[in-house]
Amino acid sequence: MNVMQYASELILHMIVIVAVIQDFKYMRISNRLIIMGLILSLVFGIFLGGVPRIFHILVNISFPVVMLYLLYLFGALGAGDIKLFSVIGAFTNFKTLTGCMLAAFAVGAVISVVKMLYNRNLRFSLFKSGVFFRDVLQGNISSYRETMAEEQNLIHFSLAIQIGLLAIKGYAYMHG
């Protein structure tokens, strides 16, 4: 790994850390941070892979938006989280992006269950989730957040994204 690759990795992790801090502090991730991340990824991409790398960056930016848009519409995932996945995709390859997404959802599920156990409302929350999914299957589409209506069960998904990224990067380092 050369100096530019190390710098790219460092910038990516710094952006994700700042996103987590913003999420915990404001319950949102700023668009300025996302735009800065996307611009820096393009600059690093051109230095590391030339102009052909831009095509791969654009595909990786678009993939999370296309794949996760329904979760956003249902209110199950924030726009900032999807955009953060796009930034990660812009800095990494498709395999790392998809691995990070899968790992983040697994980590997010664990965090959610632990939080519901802590709040002593796991069974009630599972029941409400079942009602929501039944309604969706019957064509009665509503917001997941409105259905659940318990702010105490919301999680800062950016933390799950960060843990997922670290897990995938660590796995790649150990096995690559």
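The values are calculated or read from the model by the stated rules, or taken from the named source; none is laboratory data. It should be emphasised that the depicted structure is a prediction, and the values quoted were computed from it without experimental measurement. Glycine gets a Cβ as well: all are built from the backbone with ideal geometry, and neighbour counts include every protein chain shown. Only protein heavy atoms, including side chains, enter the accessible area calculation; ligands, DNA and RNA are left aside. Shrake-Rupley method; radii C 1.70, N 1.55, O 1.52, S 1.80 Å.
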Per-selection Kirkwood Rh - the range 20-77 (Cα, Å, 1 d.p.): 13.1
Ranking M101, A90, S125 by how far each Cα lies towards the positive end of the charge dipole of the chain (+1 on Lys and Arg Cβ, -1 on Asp and Glu Cβ), the top one is S125
Among all helices in the chain defined by DSSP H, which have a length of 20 Å or more along the axis from Cα atoms plus a Kyte-Doolittle mean of at least -0.5? 3-26, 31-49, 52-73, 94-119, 122-137, 157-175
Counting pairs on different chains as well as pairs 8 or more places apart, how many Lys pairs in the chain have Cα atoms under 19 Å apart? 5
Going through the range 52-126, which trypsin sites (Lys or Arg not before Pro) have at most 11 other Cβ atoms within 10 Å and a DSSP loop state? R120
Relative contact order of the range 1-159 (C-alpha contacts under 8 Å, at least 6 apart) in percent is 26
Might you report the magnitude of the Cβ-based charge dipole of the range 50-176 about its Cα centre, with Lys and Arg at +1 and Asp and Glu at -1, to the nearest 20 debye? 240
The percentage of the accessible area of the range 37-143 (probe 1.4 Å, all protein chains present) made up of carbon and sulfur atoms, to the nearest whole number, is 73
Counting heavy atoms of the protein chains only and a 1.4 Å probe, report the per residue accessible area for the chain as a whole number of Å². 60
